[in-house]
1. Considering only segment 51-65, state which residues are within 26 Å of the chain's Cα centre (by Cα) and in contact (Cβ under 8 Å) with a residue 60 or more places away in the chain.
2. May I ask you to say which residue of GLY222, GLY250, GLY238 is in the same structural domain as ILE169 (by TED's automatic domain parsing), at positive phi, at pLDDT below 90 and surrounded by fewer than 21 Cβ atoms within 10 Å (Cβ to Cβ)?
3. Has segment 301-309 got any residue that is in a loop (DSSP other than H, G, I, E, B), hydroxyl-bearing (Ser, Thr, Tyr), surrounded by 17 or more Cβ atoms within 10 Å (Cβ to Cβ) and in contact (Cβ under 8 Å) with a residue 12 or more places away in the chain?
4. Here are GLU44, GLU23, GLU28: which of them is farther than 30 Å from LEU262 by Cβ, among the charged types (D, E, K, R), without any contact (Cβ under 8 Å) to a residue 12 or more places away in the chain and in the same structural domain as MET116 (by TED's automatic domain parsing)?
5. If you scan segment 210-257, which residues turn out to be part of a loop (DSSP other than H, G, I, E, B) and either closer than 18 Å to PRO199 by Cα or in contact (Cβ under 8 Å) with a residue 60 or more places away in the chain (or both)?
6. Take the residues in segment 149-199 that are part of a loop (DSSP other than H, G, I, E, B) and in contact with a Ser or Thr (Cβ under 7 Å, 6 or more places away or on another chain), then tell me which one is farthest from GLU287 (Cα to Cα).
7. Does segment 199-206 contain any residue that is within 30 Å of GLY88 (Cβ to Cβ), surrounded by 20 or more Cβ atoms within 10 Å (Cβ to Cβ), under 18 Å from the mean Cα position of the chain (by Cα) and modelled with pLDDT of 90 or more?
8. Residues to consider are VAL46, VAL68; find the one that is under 31 Å from the mean Cα position of the chain (by Cα) and closer than 17 Å to GLY80 by Cβ.
Amino acid sequence: MAQQETAKILVVDDEPTIITFYEAALHEQGYQIAVATNGRETLEQVKTFLPDVIMLDVVMPDITGFEVTERIKSDPATTGIPIILVTGLGKVEDRVKGLEAGADDFLSKPFNLDEMLVRVRSLVKLKKLQDKLRQMEQEPQPAASMTLKAPQRLPLILVVEDDEKIVRICKSVLSTGGYEIVSAGDAGEAIQMIESDTPDLLILDLMLPGMDGLDFLSKLKGNPQTASVPVIILTALGDLKTKVKGFYIGADDYLVKPVSSLELLARVRANIRKHAIEKQLKSQRDEAFWQSVTDPLTGLYNRRYLDSMIDRELAMHRRNGRPLSVLMIDCDQFKRINDERGHAAGDEALKLLADILRQELRGSDLAVRFGGDEFLAILPDTAAEQASVIAERLRARIAQAGSQDGNAAALSISIGIHQLCEADAGSANVIEAADRALYLAKQGGRNRVAVAA
């Protein structure tokens, strides 16, 4: 039996035999199933069952599938539910009209079981991505953190096809839709073009010279650079076996030759839309991770990030017998800056210190805002003697900047240094040793560097 799913599928048809087929096939995959037999019942089930995917027949007794699709997609509460429209064989106009109404995919009757399951599985994944994206957007985020930049270019589509007639059709039709189109006559040329500029979508002929289209598709999906790029495969009308195999390798959609201009544009629009959602989710996931490990005031890593990596870093250096030093850095008399000049001046002083740390530390070093006015720096492959030189340079830069900057007047820092040694049981011991050295620097009059004994 296939791996169990937990998604909910609403199947809509007024023919009992088709409903029975849906239920048997989808239950076998572990999906939860609800049934509707007309348009009005469908709209009610959408509200109560809250499906992850809807399989919707176009022809129904009361409301057409097109109208049901438009109503579902126009409601903010249900617009994200993917819809597969089920149409009669060969009705290209129905398929295009359905996609333009907002449908995410379609199946033509009679359809193959494997093809149906692949399409359902793909849209279940899309729905989960949309739900995750919506959840992340609703979570509190720093004001500027989750705003995506506007695209800097038109979506780029690569047509991999050796038939010049089809290439011309693709370029002519898709250029009217606001896309940039490039083409390659074989897999080798396509690989070179992808390496220079990753496209937003590929249209791939499965009958290529030199390399089989399925082999090329497998390479695309196995390459991290192109694994998420949607692929529309071009197939012959009766080549169902190859089409289904393409889906299992990773194709997102297909077009049957000869290619219909209207269907080509509608299919591309639908897949570009799906890909945009995936890219937005990845962008926000990356941004959310960055925000979770970054101090918002200084832009340095925060204590959470330090805790997640320091033990691993220490263990690696101890195992390889390489030196490592830790600097504990504290702003001298920081409370006085806040009291006399205000918290805004205190914030400026901390940002100034963070900027100088970024400038003076090496690319392999790690600077962290440890908490309050304390900072910590990890210097890999650095013994205490060399760390002292770096720390003294930092101290001098801060003292000079503090005497010149009116908002951070009299700013200075004290630094404690500890080099990793055999007696250190873990990160807590290392940080404590650096903190003791910092205390010695404070006791010695501040604005100085001290090394742990």
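The values are calculated or read from the model by the stated rules, or taken from the named source; none is laboratory data. Just so it is clear, the model here is predicted, and its values are computed rather than measured. Glycine gets a Cβ as well: all are built from the backbone with ideal geometry, and neighbour counts include every protein chain shown.
1. Answer for segment 51-65, where residues must be within 26 Å of the chain's Cα centre (by Cα) and in contact (Cβ under 8 Å) with a residue 60 or more places away in the chain: ASP52, VAL53.
2. Going through GLY222, GLY250, GLY238 in turn, just one is in the same structural domain as ILE169 (by TED's automatic domain parsing), at positive phi, at pLDDT below 90 and surrounded by fewer than 21 Cβ atoms within 10 Å (Cβ to Cβ): GLY250.
3. There is no residue in segment 301-309 that is in a loop (DSSP other than H, G, I, E, B), hydroxyl-bearing (Ser, Thr, Tyr), surrounded by 17 or more Cβ atoms within 10 Å (Cβ to Cβ) and in contact (Cβ under 8 Å) with a residue 12 or more places away in the chain.
4. GLU44
5. ASN223, PRO224, GLN225, THR226, ALA227, SER228, VAL229, PRO230, GLY250, ALA251, ASP252, LYS257
6. Checked segment 149-199; the qualifying residue farthest from GLU287 (Cα to Cα) is GLU161.
7. Yes, segment 199-206 contains a residue that is within 30 Å of GLY88 (Cβ to Cβ), surrounded by 20 or more Cβ atoms within 10 Å (Cβ to Cβ), under 18 Å from the mean Cα position of the chain (by Cα) and modelled with pLDDT of 90 or more.
8. After applying the criteria, what remains is VAL46.
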